[in-house]
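Worksheet for the structure shown next.
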Amino acid sequence: MKKIKVLFICTHNSVRSQMAEGLLKSLGKGKFETYSAGTHPAGVNPDAIKVMAEIGIDISNQYSKSIEQLPGIDFDWVVTVCDHAKEVCPFFPGENVIHKSFYDPGTFIGTEEERLTEFRRVRDEIKDWLKNVFIPTYERRRDE
């Protein structure tokens, strides 16, 4: 069965969409082809890299990119993970669109440990959501 192509979009492609890309790639065990992009890419947040490494997922080689850098890919699913991206998201032919807004821990102001706590909370929230939405989607598709 072919891999399900999923694109995660947020404004800066620095935290939420990067974590979602890495998480689904890991959780899906080769069943998903994952991408992320931003409407205004700004580089991958080092705290996102750090909290993902804590659970054994290396996103240090992922990079922040714009939607325009992904031409010609027919996505099965496009997921906006912040409200701003939902408002400005372009249309991708043939895709299913899901919107699930997650808090941006990159905006949290506090000590390093307080920031990392917020990053971990959002990482775990994204992970749980992906496990409940995308893994069953693949299983249903396989059974069809």
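The values are calculated or read from the model by the stated rules, or taken from the named source; none is laboratory data. What you see is a predicted model; the values in this text were computed from it and never measured. Heads up, the Cβs are rebuilt from the backbone with ideal geometry, glycines too, and the neighbour counts pull from every protein chain shown.
Quick notes on this one:
- Only one entry in ASP83, ASP74 is surrounded by fewer than 20 Cβ atoms within 10 Å (Cβ to Cβ), modelled with pLDDT under 90 and in contact with a Gly (Cβ under 8 Å, 6 or more places away or on another chain), namely ASP74.
- When every residue of segment 36-46 is checked against the conditions, none turns out to be modelled with pLDDT under 85, touching a Cys at 6+ places or on another chain (Cβ under 9 Å) and either surrounded by 13 or more Cβ atoms within 10 Å (Cβ to Cβ) or of a type outside the set (D, E, K, R) (or both).
- Complete set of residues in segment 7-27 that are in contact (Cβ under 8 Å) with a residue 60 or more places away in the chain and out of contact with any helix residue (DSSP H, G or I) (no Cβ under 7 Å at 6 or more places or on another chain): LEU7, HIS12, SER17
- Residue count, segment 91-132 (criterion: at pLDDT 90 or above, over 16 Å from MET19 (Cα atoms) and surrounded by 14 or more Cβ atoms within 10 Å (Cβ to Cβ)): 1
- Taking the listed residues ILE49, ILE59, the one that is at pLDDT 90 or above, of a type outside the set (Asp, Glu) and not in a helix (DSSP H, G or I) is ILE59, with no other qualifying.
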